[in-house]
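Here's the structure, in structure tokens; my notes come after.
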Amino acid sequence: MLEVSESPRAVLQSIHGVLLTGGGDVDPAFYGEDRHETVEDAEPGRDEFEIDLARRAMAQDFPILAICRGTQVLNVAAGGTLVQDIPTAIASDLAHTIKEPKNTLAHEVRVASDSRLHTALGSAVTAACSCRVNSRHHQSVGTLGSRLVATATAPDGVIEAVEAPDATFCLGVQWHPENFWRTGEFKSLFDAFVDAARERAAAR
């Protein structure tokens, strides 16, 4: 675990991969927008620390796995924007905020067949390139940041995953795969991230 008081530059000298986790909303000031009334701030200093860390990690090709807020941080760090509140911004009957139980499968996402995400998800993806996921977010990726492409979308068009095709391993998912740690549906995603970090460690 990293503390917001640490130096992102120094941190990257002692780690081999970056996991950006869920949490509060990114301050819209970081992507040049006025604040929507539903925005709930993260812990003080977290936006600054994680955005800086993500930018440096991307620039140095560190393995990155981003989850929910982490995906939004990754996109903002790459120069993108966010949908600040899905229910008021997108006309959809699809619920993206299902809080309990946390591993409730809420909807399908369509996964790009030629993506690193597709490979990393393994058997979680069907032959039809779909995957059932949980959903605990009211924000999502808006305009994609530089280098990033959308690799999974919900039926209503909400971006559910992004990745940097030119990176060794840099991808983010909007759902919470960690909530399935008991049953292992998304174990292969974490294994792929750990393998990429291990390869970086071995090469140093």
If you count only protein heavy atoms with a 1.4 Å probe, what accessible area per residue comes out for region 1-135, rounded to a whole Å²? 50
Compute the FRET efficiency between Glu3 and Ala29 as 1/(1 + (r/R0)^6), taking r as their Cβ-Cβ distance and R0 = 25 Å, and round to the nearest 0.05. 0.65
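Which order do Glu40, Glu33 take by accessible area at a 1.4 Å probe, largest first? All intermediate terms of the calculation are to be shown ahead of the outcome.
Numbers: Glu40 130, Glu33 75 Å².
So the residues, ranked largest to smallest area, are Glu40, Glu33.
Cβ under 11 Å from Thr153's Cβ, Thr153 left aside: what net charge do those residues give with Lys, Arg +1 and Asp, Glu -1? Provide the component values of the computation, followed by the final result.
Values: positive: Arg110; negative: Glu108, Asp156, Glu160.
Combined, the nearby Lys, Arg, Asp and Glu give -2.
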Taking θ = phi - 60°, what integer Hz values does the Karplus form 6.51 cos²θ - 1.76 cosθ + 1.60 yield along region 108-114, in sequence order, with x for Gly and Pro? 8, 10, 9, 9, 4, 5, 9
For the chain, built as a Gaussian network whose Cα springs stay under 10 Å, the top-fluctuating residue of Thr119, Thr153, Thr38: Thr38
With springs only between Cα atoms under 10 Å apart, run a GNM on the chain and tell me which of Ala124, Ala89, Ala167 wobbles the most. Ala89
Once the whole set of protein chains is in place, how much accessible area is left on His118, using a 1.4 Å probe, in Å² to the nearest 10? 50
With all protein chains in place and a 1.4 Å probe, Leu19 shows an accessible area in Å² (nearest 10) of 80
Per DSSP, loop trypsin sites (Lys or Arg not before Pro) in region 58-161 with at most 10 further Cβ within 10 Å: Lys99
Rounded to one decimal in nm, the spacing of the 7 Å Cα→Cβ label points at Thr38 and Asp191 is 3.7
Helix-derived mean residue ellipticity, 222 nm - over the chain, DSSP H n ≥ 4, -39500 (n - 2.57), to 500: -7500 deg cm²/dmol
When the chain is fully extended, how far beyond the present Cα-Cα distance does Ser146 get from Ala202, taking 0.36 nm per residue of separation? 17.3 nm
Here the membrane-span-like helices of the chain, with no claim about any membrane, defined by DSSP H, Cα axial extent at least 20 Å and mean Kyte-Doolittle at least -0.5, are 187-203
Carbon plus sulfur fraction of accessible area for the chain, probe 1.4 Å, in percent: 51
Please identify, among Ile86, Ile15, Ile159, the residue showing maximal mean-square fluctuation in a Gaussian network model of the chain using a 10 angstrom Cα cutoff. Ile15
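The values are calculated or read from the model by the stated rules, or taken from the named source; none is laboratory data. Keep in mind that this is a model prediction, so the values were computed, not measured. As a convention, Cβ positions derive from the backbone with ideal geometry for all residues, glycine included, and neighbour counts pool all protein chains shown. We work out accessible area using only protein heavy atoms, side chains counted, and drop any ligands, DNA or RNA first. Shrake-Rupley method; radii C 1.70, N 1.55, O 1.52, S 1.80 Å.
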